[in-house]
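The values are calculated or read from the model by the stated rules, or taken from the named source; none is laboratory data. As the structure is a computational prediction, the values presented were derived from the model and not from experiment. Reconstructed Cβ throughout: ideal geometry from the backbone, glycine too, with neighbour counts over all protein chains shown. Please note that ligands, DNA and RNA were not included when accessible areas were found on the heavy atoms of the full protein model with its side chains. Shrake-Rupley method; radii C 1.70, N 1.55, O 1.52, S 1.80 Å.
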Amino acid sequence: MLEKYWTIFDDGTDEIIEKKSRFISYIALAETEEEALKYIEKLKKKYWDARHHCYAFRIGTEHVLERCSDDGEPSGTAGKPMLEVLAGKGLYNVVAVVIRYFGGTLLGTGGLVRAYTKSIQAGIEAAVLVEKQLGYLVDVVCDYSFYGKIQYIAATEGVYMLDTQYTDAVTVQLLVPFEKMGLLRKKLMEASCGAIQLDEGEQTYFGIVEKEVMLFD
């Protein structure tokens, strides 16, 4: 599993005009090839009268499946440039579609590459991206006197406090970035002289969107 990777949180769409040809770009999250193909087919039906429906997608994070299509444009002028932009931006689990309405003027191979590149870049800029990071959900159980130290350690180490429950003891749920787990465990145990209970839960992906912590499956 990748510790960190960028993907799509909210879809993006934009449109550019090149020599009277319309290029309408769409960017979306797709975590399987089936999802990507369904998304492409949906846009083909929506823009059934367009001349071209070019696409590219990158599925997976370790063994990445990459596919692209020029859909009738000269070979290598549409799908490949689109795929190169997605890879260059370091995006995973993403599908991109560019619909072209021909404006009557030929752009040439160089012009087409530039147009599809520009179009896909515009679509990405219109989307909301998120960096998914691998982390742990950790429950820390301690007495009330140690709660302030947990708050301090979490704040200084870049660990997120998600929830706090107060009973005869305090239970704090922490979201700990993967690379910080070992150091956090050490600091908590040292600060409490081993007097806390630390329950490490499952690994999960999380991201920060508009300053809010989001958990992902």
Worksheet item: Are any of the pairs LYS89/LYS186; LYS20/LYS44; LYS44/LYS132 more than 24 Å apart by Cα-Cα distance, and if so, which?
Response: LYS89/LYS186; LYS44/LYS132
Worksheet entry | Proximal charge balance of ILE24 [Cβ under 15 Å; K/R count +1, D/E count -1] | +1
Worksheet item: What is the magnitude of the charge dipole of the stretch 146-200 about its Cα centre, with +1 placed on the Cβ of each Lys and Arg, -1 on the Cβ of each Asp and Glu, and no other charges, expressed in debye to the nearest 20?
Response: 200
Discussion item. Just to confirm the number: angle between the C-alpha axis of helix 108-126 and the first principal axis of the chain, 0 to 90 degrees, nearest 10?
Written reply: 30
Item to complete: Express the carbon and sulfur contribution to the solvent-accessible surface of the stretch 62-217 as a percent, rounded to the nearest whole number, probe 1.4 angstrom.
Response: 49
Worksheet, complete the sentence: In degrees rounded to 10, the 0-90 angle between helix 79-88 Cα long axis and the longest Cα principal axis of the chain is 20
Worksheet item: For the chain, what is the relative contact order in percent, using Cα pairs closer than 8 Å and at least 6 residues apart in sequence?
Response: 23
Worksheet, complete the sentence: For LYS180, counting only aspartates and glutamates whose alpha-carbon sits under 16 Å away and dropping same-chain residues fewer than eight positions off, the answer is GLU3, ASP139, GLU157, GLU190, ASP199, GLU200, GLU202
Worksheet entry | Length-normalised contact order for the stretch 50-154 - Cα pairs under 8 Å, 6+ apart - percent | 26
Item to complete: Give me the accessible area per residue for the stretch 13-64, probe 1.4 Å, as a whole number in Å².
Response: 59
Response to the item:
With the charge dipole of the chain built from beta-carbon charges (+1 for Lys and Arg, -1 for Asp and Glu) about the Cα centre, the Cα from LEU188, GLY201, ILE24 projecting farthest to the positive end belongs to ILE24
Practice prompt. Identify which of GLN173, GLN133, GLN151 has the largest mean-square fluctuation in a Gaussian network model of the chain, with springs joining Cα atoms closer than 10 Å.
Written response: GLN151
Practice prompt. Could you name the aspartates and glutamates whose alpha carbon sits less than 14 Å from that of LYS4, not counting residues in the same chain fewer than 8 places away?
Written response: GLU62, GLU131, GLU179
Item to complete: At 7 Å along the Cα-to-beta-carbon direction for both LYS149 and LYS20, put a label point, then send me their distance in nm to one decimal.
Response: 7.6
Worksheet item: Between GLN173 and VAL213, 0.36 nm times their residue separation minus their Cα-Cα distance comes to what?
Response: 13.1 nm
Response to the item:
Highest GNM mean-square fluctuation among ALA195, ALA78, ALA36, for the chain with Cα springs under 10 Å, belongs to ALA195
Item to complete: Working with all protein chains in place, sort SER145, SER192 by solvent-accessible area computed with a 1.4 Å probe, largest first.
Response: SER145, SER192
Worksheet item: Cβ under 14 Å from GLY111's Cβ, GLY111 left aside: what net charge do those residues give with Lys, Arg +1 and Asp, Glu -1?
Response: +3
Worksheet entry | Most mobile listed residue (GLU131, GLU33, GLU62) in the chain, GNM with C-alpha springs under 10 Å | GLU62
Response to the item:
GLY207 neighbourhood, Cβ < 9 Å, K/R = +1, D/E = -1, net charge 0
Item to complete: Just name one of THR109, SER75, VAL85: the one whose Cα is farthest towards the positive end of the charge dipole of the stretch 67-122 (beta-carbon charges, Lys/Arg +1, Asp/Glu -1).
Response: VAL85
Response to the item:
Averaged per residue, the 1.4 Å probe accessible area of the stretch 73-200, protein heavy atoms only, in Å², is roughly 46
Practice prompt. Express the relative contact order of the stretch 144-212 as a whole percentage, based on alpha carbon pairs under 8 Å and six or more residues apart in sequence.
Written response: 23
Worksheet, complete the sentence: Per its Cα gyration tensor (rounded if a/c is under 1.5, else prolate when a/b beats b/c, else oblate), the chain is best filed as prolate
Worksheet item: Nearest 10 degrees, 0 to 90: what angle lies between the long axis of helix 147-157 and the longest principal axis of the chain (Cα atoms)?
Response: 40
